[in-house]
Structure formats: structure tokens, C-alpha cells
1. Which residues, taken from region 353-400, are charged (D, E, K, R) and over 24 Å from Arg431 (Cα atoms)?
2. Are there any pairs with C-beta distances below 6 angstrom linking a residue in region 33-45 that is of a type in the set (Lys, Arg) to a residue that is at pLDDT 95 or above and part of a loop (DSSP other than H, G, I, E, B), with the two at least 6 apart or on different chains, and if so which?
3. Restricting to region 204-223, give me the number of residues that are buried (at least 24 other Cβ atoms within 10 Å of the Cβ) and in a loop (DSSP other than H, G, I, E, B).
4. Restricted to region 52-77, and to residues that are assigned to a loop (DSSP other than H, G, I, E, B) and at pLDDT below 95, which residue is surrounded by the most Cβ atoms within 10 Å (Cβ to Cβ)?
5. Restricting to region 78-101, give me the number of residues that are hydrophobic (A, V, I, L, M, F, W, C), surrounded by 24 or more Cβ atoms within 10 Å (Cβ to Cβ) and outside any strand (DSSP E or B).
6. Any idea how many residues of region 139-184 are in a strand (DSSP E or B), touching a Gly at 6+ places or on another chain (Cβ under 7 Å) and more than 14 Å from Ser201 (Cβ to Cβ)?
7. Select, from Pro142, Pro112, the only residue that is more than 23 Å from Pro384 (Cα to Cα) and surrounded by fewer than 19 Cβ atoms within 10 Å (Cβ to Cβ).
8. Select, from Pro251, Pro247, Pro241, Pro291, the only residue that is at pLDDT 95 or above and touching a Cys at 6+ places or on another chain (Cβ under 7 Å).
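The values are calculated or read from the model by the stated rules, or taken from the named source; none is laboratory data. This one's a predicted model, so the numbers in the text were calculated from it and none came from an experiment. As a convention, Cβ positions derive from the backbone with ideal geometry for all residues, glycine included, and neighbour counts pool all protein chains shown.
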Amino acid sequence: MSEMIRIIIQHGALGLGLAFCIVNVGSNPASAGESMHWPHWRGPNANGVVDVGSPPVTWGGAENLAWVSQLPGTGASTPIIVGKNLYIVSAEETDRLVVPPVEKHPDARTQPPQKHYRFWLLALDRESGRERWRNIIVEAAPREGHHRTNTYAGGSPVSDGDRLYLSLGSRGVYAFDLDGQVLWKRDLGEIRTRRGWGEASTPAVYGSNLVVPWDQEDQSRLVNLDAKSGDILWEVARDEPSNWSTPVFLPSSEGMQVVLNGTNRARGYALSNGRSIWEVGTLSVNAIPTPVFDEQFVYCMSGYRKSIAFAIPRGAVGDLTGSSRVGWVSNRNTPYVASPLLYRGHIYMTKGLSNRISILDAKTGDPLVEAEPLTGLSNVYASPIGVNGFVYIVDREGNTAVLRAGHQLDVVSVNRINDTVDASPVVVGNRLYLRSWNAVYCFSSDE
């Protein structure tokens, strides 16, 4: 892998901006291709925005279909792409019984499985869909069941360009080389989720830091591991119930921050030592959406049982709850599972789990489009992406609405694959990848 790709992946948006400056000044189109990767479930910028790409805006049946690859077992996690490989996680039920059976917790609404599961890490050739290899991460019995709309493979992998990282929660946090060989494993203990809905958190990596969210019902905390060794660099307790959000890294004049959503508070921590820098609350139970940010604000929101969104000024310090220091607050139409998309000055978000889309002015929070239904779409769990002036929104039935980005609702197409999709879309160059529970679909604008 070239040093340029490694710089881009390891340093996210900061390195990405620098790298594109280098690429775009006196470079040829081939060198721009080196920047094409998808190392995080929300893309190279960890926010759903694709700086370089031209995927198809229409597909269906054989139209623009490059390939389909079937997967063992099931999974809802989003694949990542590093170099020529697409990496993906899946969980497959085995015939091996759990002996003795795991007892259901009194607060759980799900039943622990009675059979062990085989957790797979697979690599597919991103051009052809051909399986390069599959390795068993672990064969184990999940501690609890999962929500009927989830699977046992809900957490996505992440990469720094040298290694792959994955949290299986109670089954451990892992680092692999790019050929799928385990480099280290860290056991952080057991997780008990709210009502037994299951584990599905994704870590985030920056430089030598692998930050792992560990919000649950018993002892929530945020853990920073050394990405090379798996050693604990620091961990901080969190006064939070179960959560399924992903941390994001926020550059600041005082050093890099880690921002993590939460029911009681959304918080910014110093990456160097875990010290709390700012916080704002209160959000809702199951504060799942991952925050996004621009040069002015950090946007945190949740949408289960109530709608709430905060625009927190960059450089904020202390407790901003109820403070006039918050840029703006909205209590309408926020998403439950899907994360928002901040693209070209607008925030795109779906209401709750529905197909209703709102578009906000990011600077003011004013609604430009308010909870308008996207005809042809049903419930939305996947997070939207923005690329080449378009917004892609995928529902659970495999329908994708393509919108022209802007201040009004302009639906270009609705495309169908007739499969269950909870994973967010992935784009590299002119290719769009959709992961269903059992397969990966690749659509190309040049086929």
C-alpha cells in the first residue's frame, strides 16, 4: 500500500484534506485513484461524505450490476475497503449446542441463543466480488439475544491502512493484518445491553489510538487501546446506559478530541488522556446516531421517543446543557438509528425509523424540507451518504432513493434489489456497494 493511502486513512479528514491538495495540484487521474478507499463504516471522512466518486444513480435487475457475492451466515455491519479488498464480518449459526444453556436476564426481552456462532472475517476482491479468503475470528455463544432487526454481526470493522480492527464486544476486541491473521485480542469483559437487544458497536481509529465505546447496562466506559499492541492507554467511566453509537475524532486547537453520543450527555474527550472537555444533554434513550461536524459546529442528535438535536460550537468547554452557548437546538424529526448526513451546508436526516426526510440549514438549524415522505422507501436504518452532488438513502427492503443535493427535495431515482439492508452504502470511484444480510451487491456506472 502506498504511503499516501496510509496517511489518508490514519489521519482521517485532516490527512484527507492534505492528500487531496497534493493530488489535485499537477497530478494525473491515476494518482487520484490512490485516494479511493473506505476504511470506516461512514467512509474516508467518517461522516458519509465522499470527496471523489461517481457511482451510478440508477440500477435494478442487471442494469449497472457488476457482481453479487453471497456471504456465510448473516450480518448488518457495513463493509470497509482497503486497497483492492473489501472486508466484511458475518455470523453463522453452527450445530454446536450451548451447554449449559445461557440464562435469560430478567430485564431482557430476547432469548440467548442455544447454539454457538461462527464469526467470519472475509475479504472480497472489490473489482470482481471473488472471495479471496475467509477466516474464523472466533466460534462462541453470544451472551444474549438480539433485536429482531439486528444480527450477531452488527459492529463494523475499521482500518488505519496497516491493520483491521473489530469489536465483537463480549467476545473481544481484535486487530488483524490485511490478510486476516489475528495480531492481538483484548478482552474488555462482558456487555449486557438494554432489554437484551444485542451488541453492535464499532470502534474508531486515529494514529496509534483505537477508541472503543463500551456503553451498557452494568458498567459503561470509553476505552482507548494502543492500536499496535491492544494495551489499554486509558479508560473513563461513563454515566450512560446502553448505546450503539460510534466515536468520531474532532480536531481542535487543544489537540484531538473524541466525541461520543449518549442518552444523558453527548461529550467531547481529550484523546490524549480521556479528560472530559465539554458535554451537553439530555438526549434520548438509545442515542444511536453518530455525530458529525463542520468548521463551526458539532452536531449531536437522537430520535427514540423524543427528537433532539444540538449544534455545539467547536471549541466549547464545560457543561453546555441549557446554555445559550449552544448554537441551536431542534426538537423535531430527528433519526433513531440512522446517522445524519452533513453535506454541502445541509443536514439530511430521516425521522425516527421512517422514510420521512428533513433537510436543515446547518448554520441555523432552520428546516428547508420537513419530514417529507420518500415515496418507494420504507423504514430506514442505514446512514445516508453524499457523493458527486447526490444523496443516497437506503431502506431495510433494499430500496435506495437518490436525491439531488440541495435545499429542496429533488428525487432523481428509486432503485431496488429486493433484499434486507441495514448496512450503510459504500462508494469507491464509480462503484456503489450495498451489503444485505446475506450478500454484497456491487453496481458500477461503467458496466
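1. So in region 353-400, the residues charged (D, E, K, R) come out as 356, 361, 363, 366, 370, 372, 395-397.
Selection gives Arg356, Asp361, Lys363, Asp366, Glu370, Glu372.
2. Listed pairs, sorted by first residue: Arg42/Gly48.
3. Residues that pass the stated criteria total 1.
4. Filtering region 52-77 down to residues assigned to a loop (DSSP other than H, G, I, E, B) leaves 52, 54-59, 61-62, 64, 71-73, 75-77.
Still in the running and at pLDDT below 95: 52, 61-62.
Values: Val52: 18, Gly61: 10, Ala62: 7.
Top of the filtered list is Val52.
5. The total comes to 0.
6. Here the count works out to 2.
7. Working: Pro142 fails: surrounded by fewer than 19 Cβ atoms within 10 Å (Cβ to Cβ).
After applying the criteria, what remains is Pro112.
8. Numbers: Pro251 fails: touching a Cys at 6+ places or on another chain (Cβ under 7 Å); Pro247 fails: touching a Cys at 6+ places or on another chain (Cβ under 7 Å); Pro241 fails: touching a Cys at 6+ places or on another chain (Cβ under 7 Å).
Every option except Pro291 fails the conditions.
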